[in-house]
Amino acid sequence: MSESRFYCVGKVTTAHGIKGELFVHLFAKTADWLPQFKTLILSLEKEGTDFKEFPVEKAREHKHGLIVKPIGIDDRNRAEELEKHFMQIPLEWLKSKPGEEYYLIELINFQVVDKNQKLIGEVVDFSSNGVQDLLVIKNKKREFQVPFVEQYVVEINQSEKVLIMDIPPGLDELP
């Protein structure tokens, strides 16, 4: 993953209506950061560096995304020019508070060990299979995915950056 101060959370899929609104498909399907969302940050690449910024007039959740009305985008033609852009948010919005569920991005670079403290690998990314979140773990041999579900997570040690997991035998050997 790139070292950026922003994180890609979605993609503008289409203009919405005729007044310059956009539909942004959210990859995580939720936007618990919506109350602090005041500026729409877009890039042509998912891990882009060339950003366009627009103050937000209004935004609301809709289906698995957002309807966003950027200030200065006042008709469908202007909105259509922003289709296929990726939406970024500041990385600091994805920090959990004590007692809250972790954002998956917070687990990047955590060492994954089993209950006996044997190193399994390091969390290098995450994805989803539609049903559950998956951690992408890399070790010396290979990269593999493990469901990030309560039954496999024994403990998360934030200060040590260690994730203790009880992974079923052979799961780390599947393609």
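Numbers for the structure displayed
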{"quantity": "Chain lengthening between Glu100 and Glu150 when straightened (0.36 nm per residue, less Cα-Cα)", "calculated": "16.6 nm"}
{"quantity": "Sequence-separation-based contact order of the chain, relative, with Cα cut under 8 Å and 6+ spacing, percent", "calculated": "18"}
{"quantity": "Relative contact order (percent, whole number), segment 1-59, Cα cutoff 8 Å, 6+ residue spacing", "calculated": "24"}
{"quantity": "Long-range Cα-Cα pairs in segment 6-93 (distance over 18 Å), rounded percent", "calculated": "33"}
{"quantity": "The chain: proportion of alpha-carbon pairs further apart than 28 angstrom, %", "calculated": "34"}
{"quantity": "Cα centre as origin, Lys/Arg/Asp/Glu Cβ charges: the chain dipole, Debye", "calculated": "280"}
{"quantity": "For Lys38, Lys161, order by how many other beta-carbon atoms lie within 10 Å, fewest first", "calculated": "Lys38, Lys161"}
{"quantity": "Mean ellipticity per residue at 222 nm, deg cm²/dmol - from DSSP H runs of n ≥ 4 across the chain, formula -39500 (n - 2.57)", "calculated": "-500 deg cm²/dmol"}
{"quantity": "Charge context of Ala59, other residues only, Cβ under 15 angstrom, K/R +1, D/E -1", "calculated": "+1"}
{"quantity": "Residue exposure sequence - Leu42, Leu66, Leu26 - by fewest surrounding Cβ within 10 Å", "calculated": "Leu26, Leu42, Leu66"}
{"quantity": "Residues with amide H under 5 Å from that of Val154, placed H, sequence gap 5 or more", "calculated": "Ile164, Met165, Asp166"}
{"quantity": "Measure of compaction for segment 124-175 (Cα Rg per 2.2 N^0.38 Å)", "calculated": "1.13"}
{"quantity": "Neighbour-count order for Glu81, Glu122, Glu101, fewest beta carbons within 10 angstrom listed first", "calculated": "Glu101, Glu81, Glu122"}
{"quantity": "Estimated dipole of segment 6-93 in Debye, rounded to 20 [Cβ of Lys and Arg +1, of Asp and Glu -1, Cα centre]", "calculated": "300"}
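Bear in mind these aren't lab numbers, they're just calculated from the coordinates by the rules spelled out. Quick caveat: nothing in here was measured; it's all calculated off a predicted structure. Backbone-built Cβ (ideal geometry, glycine too); neighbour counts: all protein chains shown.
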